[in-house]
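The structure appears below as structure tokens.
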Amino acid sequence: MIAQSLLPELQNEFPNTRKMLERVPAASFDWKPHEKSMTLIRLATHLATLPQWLTMTVNTTELDFSKSPYSPPKFETTQEIVDAFDKNVQEALDALKGASDEALMQPWTLRNGEQIFFTMPRIAVIRSLVISHMIHHRAQLQVFLRLLNVPVPGMYGPSADE
């Protein structure tokens, strides 16, 4: 079963992301390392909401930006970020656990009105736009924290701070 093969990976990657989010200092929410970079709060918010893409991918056939304008949540504290992440993770895991192989192989489309960005099987969307995407932004967050002199947790073994 496809979903069952993904669960161990997600049950490792989601807690690793949570460990990183727990370290985000609220006093530095507006900080960014470069003028072209996201702020710390924007990056943390993006990571906290990424598991929603898994739930959405399993439960829909497409996302049309022209019909679904996005407004990110506003977090005031680090705990709010972590709590939102936990809720989104649980919903994502529940959605995945209920997904059949047939459903995960069905096409899913990302579009903006008539402009189609891609169509690929749901499983490919989960691997690329959820898991790989999360790991990419988690690595960015690790760099942000390092530049802020916040001790970073290990992901696949101890970090230099552990």
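The values are calculated or read from the model by the stated rules, or taken from the named source; none is laboratory data. No experiment lies behind these values; they were computed from the predicted model shown. Cβ: placed from backbone, ideal geometry, glycine included. Neighbour counts: every protein chain shown.
Restricting to the stretch 25-34, give me the number of residues that are exposed (fewer than 15 other Cβ atoms within 10 Å of the Cβ), touching a helix residue (DSSP H, G or I) at 6+ places or on another chain (Cβ under 7 Å) and part of a helix (DSSP H, G or I).
Within the stretch 25-34, residues that are exposed (fewer than 15 other Cβ atoms within 10 Å of the Cβ), touching a helix residue (DSSP H, G or I) at 6+ places or on another chain (Cβ under 7 Å) and part of a helix (DSSP H, G or I) number 0.
Tally up the residues in the stretch 8-37 that are more than 15 Å from the chain's Cα centre (by Cα) and either more than 22 Å from Asp83 (Cα to Cα) or touching a residue at least 12 places away in the same chain (Cβ under 8 Å) (or both), please. Reasoning before the result, please.
Start the filter on the stretch 8-37 by keeping residues that are more than 15 Å from the chain's Cα centre (by Cα), which leaves 8, 23-37.
Within this subset, residues satisfying the condition of being either more than 22 Å from Asp83 (Cα to Cα) or touching a residue at least 12 places away in the same chain (Cβ under 8 Å) (or both) are 23-26, 28-29, 31-37.
Counting residues in the stretch 8-37 that are more than 15 Å from the chain's Cα centre (by Cα) and either more than 22 Å from Asp83 (Cα to Cα) or touching a residue at least 12 places away in the same chain (Cβ under 8 Å) (or both) gives 13.
One residue is enough: does the stretch 35-42 have a residue meeting the conditions farther than 17 Å from Val130 by Cα, of a type in the set (Asp, Glu), out of contact with any Pro (no Cβ under 8 Å at 6 or more places or on another chain) and part of a helix (DSSP H, G or I)?
no
Out of (1) at pLDDT 95 or above; (2) more than 12 Å from the chain's Cα centre (by Cα), what's the single condition that is false for Leu54?
Of everything listed in (1) at pLDDT 95 or above; (2) more than 12 Å from the chain's Cα centre (by Cα), Leu54 misses just condition (2).
If you scan the stretch 44-75, which residues turn out to be aliphatic (A, V, I, L, M) and either exposed (fewer than 11 other Cβ atoms within 10 Å of the Cβ) or under 20 Å from Arg23 (Cβ atoms) (or both)?
Ala44, Leu47, Ala48, Leu50
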